[in-house]
């Protein structure tokens, strides 16, 4: 998601075909591109569609661009959920009081 958001930051309309090589190269540099290129392409496309559905990206024809305020709020929400999940993992299940 982080690489997808970074690729979408320039305020220009871009097709997915042009976005994916940038994202794939960045993930390969971080050694995070595993599972095959076609599977990665599907996962990135799914994340792009989720961003579109949640209001962080807009689409015109086959081109996409970020909506800066929507994307910013969405990324803050994702970060908050991540922190909440980490706290649950660290604390473990809440014991029941009798």
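The values are calculated or read from the model by the stated rules, or taken from the named source; none is laboratory data. Note that the structure is a prediction, hence the values are computed from the model and not measured. Don't worry about glycine lacking a Cβ; one is built from the backbone with ideal geometry, like all the others, and counts go over all protein chains shown.
Annotations
- Test: residue in the range 32-48 that is under 15 Å from residue 1 (Cα atoms) and touching a strand residue (DSSP E or B) at 6+ places or on another chain (Cβ under 9 Å): yes
- Residue 12 being at pLDDT below 95, surrounded by fewer than 16 Cβ atoms within 10 Å (Cβ to Cβ) and not in a loop (DSSP other than H, G, I, E, B): no
- Residue match in the range 41-60 (condition: over 14 Å from the mean Cα position of the chain (by Cα) and loosely packed, with under 12 Cβ neighbours inside 10 Å): yes
- Residue within the range 46-62 that is modelled with pLDDT of 85 or more, part of a helix (DSSP H, G or I) and more than 16 Å from residue 8 (Cβ to Cβ) present: no
- Meets criteria (surrounded by 16 or more Cβ atoms within 10 Å (Cβ to Cβ), assigned to a helix (DSSP H, G or I) and free of Cβ contacts under 8 Å to residues at least 24 places away in the same chain) for residue 26: yes
- Counting only residues that are assigned to a helix (DSSP H, G or I) and surrounded by fewer than 14 Cβ atoms within 10 Å (Cβ to Cβ), the range 29-40 holds 4 of them.
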